1. With the checklist (1) out of contact with any Lys or Arg (no Cβ under 8 Å at 6 or more places or on another chain); (2) part of a strand (DSSP E or B); (3) among the β-branched types (Val, Ile, Thr) in hand, flag the one item B:Ile169 doesn't pass.
2. Scan the stretch A:202-259 residue by residue and report those that are aromatic (Phe, Trp, Tyr) and over 13 Å from the mean Cα position of the chain (by Cα).
3. Within the stretch B:45-79, restricting attention to residues that are more than 14 Å from every other protein chain (Cβ to nearest Cβ) and in a helix (DSSP H, G or I), which residue is farthest from B:Leu22 (Cα to Cα)?
4. In the stretch A:94-199, which strands (runs of 3 or more DSSP E) lie fully inside it and hold 1 or more residues that are in contact with a Lys or Arg (Cβ under 8 Å, 6 or more places away or on another chain)?
5. Whether any residue in the stretch B:199-207 is in contact (Cβ under 8 Å) with a residue 24 or more places away in the chain and within 14 Å of chain A (Cβ to nearest Cβ) is what I want to check.
6. For the condition within 14 Å of chain B (Cβ to nearest Cβ), at pLDDT 95 or above and more than 21 Å from A:Ser234 (Cβ to Cβ), what is the one hit in A:Tyr308, A:Tyr286?
7. Quick one: which of A:Val70, A:Val59, A:Val84 is closer than 25 Å to A:Ala184 by Cβ and either in contact (Cβ under 8 Å) with a residue 12 or more places away in the chain or in contact with a His (Cβ under 8 Å, 6 or more places away or on another chain) (or both)?
8. Just to be sure I understand, how many residues within the stretch A:317-331 are under 25 Å from A:Arg149 (Cβ atoms) and either facing chain B (nearest Cβ under 7 Å) or in contact with a His (Cβ under 6 Å, 6 or more places away or on another chain) (or both)?
Amino acid sequence: MQPNSTPALTEAETILGGALPHRRMEAWKWTDVRASLRQKQGLTNICTPEISVPEGIIVSRETIPAESTVMGAFAARFVTDCIVISTPENYKSDQPIRISGLGNGHARILIKLAKGAELSVVETHESDTASFINLDMQFDISEGAKLTRTIFHADHTDTTRIASSRINVQTDGEITQHMLSFGAGLSRFETRLTAQGKNVKVDIHGAYLLDEKRHVDMTSHIDLIDENAQIRQSVKGVITDKARGVFQGKFHVHRRAQFTDAEMRHDALMLSDTCEVRAKPELEIYADDVACAHGNTVGALDESALFYMRQRGIPASQARALLTQAFVAQAFESMADNTEFMTRISNWLEQRL
Amino acid sequence: MLKINNLTATVNDGAQTILNGLSLHIPAGEVHAIMGPNGAGKSTLSYVLTGKDGYDVTDGSVEYLGQDLLAMQPEERATAGMFLSFQYPLEIPGVPTMTFLRTALNAQRKSRGDKPMSAPDFLKKAREIASDLKIKPDMLKRPLNVGFSGGEKKRMEIFQMMMLEPKMIIMDETDSGLDVDALRIVADGVNALRGPERAMLIITHYQRLLDYIVPDRVHVLADGKIVASGDADFAKKLEAEGYDAYAA
């Protein structure tokens, strides 16, 4: 094969009608969809999400231009009518929008928060059988609007899931996002956020707990265009067996984005000798009066702390679970109610440690 | 209660012998002190007795309440009533002190076939003991030992000890990091636990602690074994004369 020639399409790519992201693309080097996608069935399916909305929310279908990404183009090829969920101005409700049924096929969802609206969205990404899911979401957060997004992910071990979100935030807009993932055969949750206005506040946290040969990739690209943005990002990983966790985070601080205050953290706990963690934190800064920090650690449980706990009578497995749970919990400290996440985490740990 | 016979332990895969034929018998109801120079093996003894990894017992035996102590897991030893007050208590990030202690207490009770202690009973007991030890209630809500001063950590060890009510108490340099007032508070707590069913092994560099917790027997540990023993007054003599006479 010539160095720059286009390789022949795989069987899956032929069905889809174009090349999938692969390891030679820098942004996809640890999540090789082309090599991993084994399914031949269901690649062109259209997903019908189950969406429940509180009173006052409008749900419609519209023709929206495709995203410029590879996976966005696939989604638009199979799903012409995008689901559009919108709020009136200054909308408020105690009830969240719930989105589930994202277990198979392509889907496109656009959620629009009008000026001053406050909205919670709870997403469940699950599959019981080997499936292919390509979800393309967009959130438009208008001036002074606040979005709280909660994402739970647990797929079949042979599922391939790509979930991409484009989030646009205007002046005084806020987003708080928490994600808990138990992985899939291959999965990627990509968040591309643009803070277009001033005083944008972003909290984007997550945790992944992976066993067997599961793979999750949490990738985020945050563009800060204007002044006074505050960004907090913390991702915690727990990996065992032959699982693989990927974290890619980038803050791109544009020239006008003075007084940006941004922090990015990724910490992973490796519980086996065969698991794998790949992390790439990136800062690209063009403004000169900003505070930007990033930190990344990978390690094992503290043996001395474990012995201390056992000396007090706590069985080794319980001590491990308690220490691990405390480590993961840091990602969900800022949630209004993290009970459900913490229960799922402790059940996961109980069964595996 | 505790019978140590000819105990020999090595580290680094046998490259270094730390305990070298140590024998010691502590009957129930007695308080024994072990003194000795740096590097004599005092902390190693406490770790071998509680089952920390990294030490190989190559000879000897330890019988605790009629059981083969060395065959037991660390948590089994704790459940059987063995407690170590650490020289350097560990920080447990993210686990509040009360959660930690309640988990430990109920894990021990479960292993012994007892019902878990109810939350109100546990809280009541914790508040009383914390007040005796002059520990502020908000410290009990914070992650265990995280950001505590050296003295606070030592006081927290005694707090845990009084909550768990162990039978065999090992205190490793409990006095270090404590000022005189704190030392008196800690000693009062320890003395309140003295009784016919309980034994204590106090490891210390200095005689000071033994003014507050008066031992029945004092031993000198040098080069991995007990080289001399005496009564409480013996500690004063050691403090005056130093350990040189006993070191190899």
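The values are calculated or read from the model by the stated rules, or taken from the named source; none is laboratory data. Here the structure is a predicted model, which is why all the values come from computation and not from measurement. Reconstructed Cβ throughout: ideal geometry from the backbone, glycine too, with neighbour counts over all protein chains shown.
1. Checking B:Ile169 against (1) out of contact with any Lys or Arg (no Cβ under 8 Å at 6 or more places or on another chain); (2) part of a strand (DSSP E or B); (3) among the β-branched types (Val, Ile, Thr), the one that fails is (1).
2. A:Phe251, A:Phe259
3. Top of the filtered list is B:Ala71.
4. Result: A:105-113, A:118-126, A:132-141, A:146-154, A:160-169, A:174-181, A:186-195.
5. no
6. Sole residue among the options that is within 14 Å of chain B (Cβ to nearest Cβ), at pLDDT 95 or above and more than 21 Å from A:Ser234 (Cβ to Cβ): A:Tyr308.
7. Among A:Val70, A:Val59, A:Val84, only A:Val70 is closer than 25 Å to A:Ala184 by Cβ and either in contact (Cβ under 8 Å) with a residue 12 or more places away in the chain or in contact with a His (Cβ under 8 Å, 6 or more places away or on another chain) (or both).
8. The qualifying residues number 5.
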